[in-house]
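K.L.:
If you scroll down you'll find the structure; I have some questions about it.
The values are calculated or read from the model by the stated rules, or taken from the named source; none is laboratory data. Keep in mind it's a predicted model, so treat the numbers as computed, not measured. As a convention, Cβ positions derive from the backbone with ideal geometry for all residues, glycine included, and neighbour counts pool all protein chains shown. Heavy atoms of the whole protein, side chains included, go into the accessibility calculation; ligands, DNA and RNA do not. Shrake-Rupley method; radii C 1.70, N 1.55, O 1.52, S 1.80 Å.
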Amino acid sequence: SPQFLLWVIALAAVAACGGLHRMSWALLALTAAVALTQLVYPFAYDRLLARDGGALALLAARNVALGAAGVLALIAARRG
């Protein structure tokens, strides 16, 4: 669900308070997650419902990028 991006954006905002230089990897992962979310939900959603392999791979890549962004933002927030 695209709403999961909100949790990671909130983590990124907290981590950015410590300085953007610590956030570079988290921001790259978050950017990838946002881009993949835009590909999955408006464009590949019908294929996702039909369980198309390409759409499922796109969703899996989005979930990995989202998880990585969350972990990296949390690490940056703890350091800051």
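K.L.:
List, please: which pairs have Cβ atoms under 8 Å, are six or more places apart or on different chains, and start with a residue in region 58-72 that is within 15 Å of Q3 (Cβ to Cβ) and in contact (Cβ under 8 Å) with a residue 60 or more places away in the chain and end with one that is in a helix (DSSP H, G or I) and among the aromatic types (F, W, Y)?
P.N.:
L66/F4; G70/W7
K.L.:
Search region 50-80 for residues being open to solvent by less than 40 Å² (accessible area, probe 1.4 Å) and closer than 16 Å to H21 by Cα, and hand back the single one that is nearest to the chain's Cα centre (by Cα).
P.N.:
A69
K.L.:
Here is a further query. Hey, does region 33-42 have a residue that's at pLDDT 85 or above and open to solvent by 90 Å² or more (accessible area, probe 1.4 Å)? Step through it out loud before you land on a result.
P.N.:
Of region 33-42, the ones at pLDDT 85 or above are 33-42.
This time we only want the ones that are open to solvent by 90 Å² or more (accessible area, probe 1.4 Å), so: 38.
Within region 33-42, one or more residues are at pLDDT 85 or above and open to solvent by 90 Å² or more (accessible area, probe 1.4 Å).
K.L.:
Has region 62-78 got at least one residue that is farther than 15 Å from V8 by Cα and either in a helix (DSSP H, G or I) or hydrophobic (A, V, I, L, M, F, W, C) (or both)?
P.N.:
No: zero hits.
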